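The values are calculated or read from the model by the stated rules, or taken from the named source; none is laboratory data. As the structure is a prediction and not an experimental result, all values here were calculated from the model. Quick reminder, even Gly has a Cβ in these numbers, built from the backbone with ideal geometry, and neighbours come from all protein chains shown. Side chains are part of the model used for accessible areas, which takes the heavy atoms of the whole protein and leaves out ligands, DNA and RNA. Shrake-Rupley method; radii C 1.70, N 1.55, O 1.52, S 1.80 Å.
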Amino acid sequence: MSILYAITDSQLLPGDKLFTAVESTLQAGCKWIQYRDKSSDSTKRIQEAQQLVALCNQYQAALIVNDDVQLAQAVNAHGVHLGQDDGSAQAARKLLGDAAIIGVTCHDSLALAQQAVNDGASYIAFGRFFPSHTKPNARPAKFTLISEAKTKFPTIPVVVIGGITLSNAHILLDAGADMIAVCHELFSAEDVKQVAQNFIDCK
């Protein structure tokens, strides 16, 4: 499994730029793409998600939809990522099936992670660990949270997010993170494929 978990951004990747950038990331060897679009244009979101599922299938990768279980089901995505206000992993699992990848945002809380694990989450996500372009107001998490989570949930992958760059990713990986979720540093780059490759080579 590649350590890079790429998260799209509708502002950074308007129109066809989304597919070009995602394919570059997949070509570098990234195996998890999260489709994140907070707009209310449901037609656009379905069309984009469908195309991304097809792209990910082509590269034997997974498309995970951000915050929208119904969209994930509609386009036959490989999974969904849930914030704390997006319903339970248990309900998502019931809808999407046993094979679905279901991730849960746990912020800086082992208690939220425990709830997610109890509900059958595939992975738990913590952050932000550094100042973030995507979520500037998110409360910071401590580095020690990563090792604590790995000790408490040894079989559950720990994903870290929030302001991760090529210069600080190693801090989180050294602390025990299984995957680094990256948005701005990756998709604002001129050479997305090269930056994706550099992240994958961080470990």
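Summary of values
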| quantity | calculated |
| --- | --- |
| Hits in region 72-87 (condition: at pLDDT 95 or above and either buried (at least 19 other Cβ atoms within 10 Å of the Cβ) or on the phi > 0 side of the Ramachandran plot (or both)) | A72, V75, N76, A77, H78, G79, V80, H81, L82 |
| Which numbered condition A121 misses (of (1) surrounded by fewer than 23 Cβ atoms within 10 Å (Cβ to Cβ); (2) of a type in the set (G, A, S); (3) assigned to a loop (DSSP other than H, G, I, E, B)) | (1) |
| Subset of region 16-33 that is in contact (Cβ under 8 Å) with a residue 40 or more places away in the chain and not polar (S, T, N, Q) - its residue that is farthest from Y5 (Cα to Cα) | A21 |
| Those residues of region 157-189 which are of a type outside the set (G, A, S) and either modelled with pLDDT under 95 or in contact with an Asp or Glu (Cβ under 9 Å, 6 or more places away or on another chain) (or both), in sequence order | P157, V158, V159, V160, I164, T165, L166, C183, H184, F187 |
| Which listed residue is over 16 Å from the mean Cα position of the chain (by Cα) and of a type in the set (K, R), from K152, K135 | K152 |
| Whichever residue in region 190-203 is under 18 Å from the mean Cα position of the chain (by Cα) and not charged (D, E, K, R) and, among such residues, is modelled with the lowest pLDDT | C202 |
| Residue list for region 25-68, restricted to those being on the phi > 0 side of the Ramachandran plot and among the polar types (S, T, N, Q) | Q60 |
| Those residues of region 58-70 which are in contact with an Asp or Glu (Cβ under 9 Å, 6 or more places away or on another chain) and surrounded by fewer than 20 Cβ atoms within 10 Å (Cβ to Cβ), in sequence order | Q58, Y59, D67 |
| Complete set of residues in region 24-45 that are over 16 Å from the mean Cα position of the chain (by Cα) and under 22 Å from A169 (Cα atoms) | S24, Q27, A28 |
| Some residue of region 34-42 being under 16 Å from A100 (Cα atoms), touching a residue at least 60 places away in the same chain (Cβ under 8 Å) and in contact with a Ser or Thr (Cβ under 8 Å, 6 or more places away or on another chain) | yes |
| Count - residues of region 11-53 that are open to solvent by less than 60 Å² (accessible area, probe 1.4 Å) and under 28 Å from G87 (Cα atoms) | 17 |
| Residue selected from region 91-115 under the condition touching a residue at least 24 places away in the same chain (Cβ under 8 Å) and under 12 Å from V80 (Cβ atoms), by the criterion surrounded by the fewest Cβ atoms within 10 Å (Cβ to Cβ) | L95 |
